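**Student:** Quick one: structure below, then a few questions.
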Amino acid sequence: MQRLLAVALVALALAACNRNIEPYDPNEKVEKPDLSKIFPEGAERSGDAQAMRGAMPPPAAPAAAPRDGGAPLTGTIRIADNLAGRVPSRAVLFLIARTGPSGPPTAVRRIVDPSFPLEFSIGPDDRMIQALPFDGPFQLTARIDADGNAMTRNPGDLQGEAKGTFPPGAHDIDIVIDEVL
């Protein structure tokens, strides 16, 4: 019974819809629709007369371009001597800049097969959401990920963080990777 009802509804829908059954004609002339078929006589008195005549409101002013914020942060990422042999080949280093202890990162750099010590720069071009400004202060962390997936944190991955917070443009930042997950 349900199957018969479903077939009947599909057949009714197909019979009622006559759109998109003719082949595409690239030479077809584009015309304004005849709104008198949609709106009854006198509908223009409802207050939307301009819209019903096809007049569009003036375009809104373009949104202001996002501020790029400050200059990139630069420094060096080192790995603790006792962990140097634990870096897997083809690992991926994720350098993460956040403005708080949790939540989404402001900016991320992905570096495949890093060698240490590693000079880094992370700035407005690395933002996760380009519309957000690159304003600090930032907390920086670095994680060596064996599977290359930023969303996973597997046992054996290595990480470290810079001590303190840093304004945009800070330089000579030192990050030491000294922790095993």
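All of the numbers you see were taken from the coordinates with simple rules; none came from a lab. The structure presented is a predicted model; accordingly, all values stated were derived computationally and were not measured. Quick reminder, even Gly has a Cβ in these numbers, built from the backbone with ideal geometry, and neighbours come from all protein chains shown.
**Student:** Equivalent ellipsoid semi-axes for segment 73-180, as square roots of 5 times the alpha carbon gyration tensor eigenvalues: give them largest first, rounded to whole Å.
**Tutor:** Result for segment 73-180: semi-axes of 22, 15, 12 Å.
**Student:** Here is a follow-up. Net charge near residue 78: determine it from the other residues with C-beta under 11 Å of the C-beta of residue 78, scoring Lys and Arg +1 and Asp and Glu -1.
**Tutor:** -4
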